[in-house]
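Everything on this sheet refers to the single structure shown next.
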Amino acid sequence: MPESYIRGALTEATYLILLSLCETRHGYAVMQHIASITQGRVNLGIGTLYGAINLLLDKGWIETVGNDDRRKLYRITAKGKSVLEGEIARLSELTLLGQGTFTQIEGADKAPAEDGRAGKDKSADGKDGKEEEQR
């Protein structure tokens with residue numbers, strides 16, 4: 001069984017940090033990159049970032065690769081890439097399931113009902129027909 005199914009889903013912060021560390025970066029550059037790729041929707045705080053970095057280092061998903069002007073540089077490891085690939089596959093599967101479900105729902109709403117009306121309990125004008133039956 002793939003590790004992604006054993007360990008569960010990644011948090012959004014962990015996912016984005018791993019994604020960001022596909023290129024070598026220091027912590028502040030990771031924060032900037034995540035803010036950029038999410039168009040400002042995600043702004044990691046220092047505590048969140050370094051708490052996650054320490055956890056990822058402990059798991060062996062990222063590694064320290066040196067220093068740049070007093071700042072530690074990090075990058076994803078082979079194990080981290082495997083975890084990230086598993087999460088991307090998991091998210092892709094969820095997206096496909098969601099899109100398939102919405103396509104079925106939208107198709108059912110647009111398909112003619114057995115009695116020839118425009119959709120499930122709807123007339124061509126979008127009303128449910130019960131109002132006209134009551135009149």
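Read the figures in this text as sums done on the coordinates, not as results from a lab. Since the structure is predicted, the reported quantities are computational estimates derived from the model, not experimental observations. Note that each Cβ is placed from the backbone with ideal geometry, even for glycine, and that neighbours are counted across all protein chains shown.
For region 6-16: of the residues being assigned to a helix (DSSP H, G or I) and in contact (Cβ under 8 Å) with a residue 40 or more places away in the chain, which is surrounded by the fewest Cβ atoms within 10 Å (Cβ to Cβ)? Give the derivation first.
Taking region 6-16 and keeping what is assigned to a helix (DSSP H, G or I), we get 6-7, 12-16.
Next, only the ones that are in contact (Cβ under 8 Å) with a residue 40 or more places away in the chain stay: 7, 14-15.
On the way: ARG7: 12, THR14: 20, TYR15: 17.
Here the residue is ARG7.
For (1) in contact with a Ser or Thr (Cβ under 6 Å, 6 or more places away or on another chain); (2) farther than 20 Å from GLY86 by Cβ; (3) hydroxyl-bearing (Ser, Thr, Tyr); (4) assigned to a helix (DSSP H, G or I), each residue gets a yes or a no:
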residue	(1), (2), (3), (4)
ALA29	no, yes, no, yes
SER36	no, yes, yes, yes
VAL42	no, yes, no, no
GLY47	no, yes, no, yes
LEU56	no, no, no, yes
THR64	no, yes, yes, no
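Return the only residue of ILE62, ILE88, ILE53, ILE34 being in contact with a Leu (Cβ under 6 Å, 6 or more places away or on another chain), free of Cβ contacts under 8 Å to residues at least 40 places away in the same chain and surrounded by 13 or more Cβ atoms within 10 Å (Cβ to Cβ).
On the way: ILE62 fails: free of Cβ contacts under 8 Å to residues at least 40 places away in the same chain; ILE88 fails: in contact with a Leu (Cβ under 6 Å, 6 or more places away or on another chain); ILE53 fails: in contact with a Leu (Cβ under 6 Å, 6 or more places away or on another chain).
Going through ILE62, ILE88, ILE53, ILE34 in turn, just one is in contact with a Leu (Cβ under 6 Å, 6 or more places away or on another chain), free of Cβ contacts under 8 Å to residues at least 40 places away in the same chain and surrounded by 13 or more Cβ atoms within 10 Å (Cβ to Cβ): ILE34.
Limited to region 38-82, what total is found for residues that are under 14 Å from ALA13 (Cβ atoms) and of a type in the set (Val, Ile, Thr)?
Number satisfying all stated conditions: 6.
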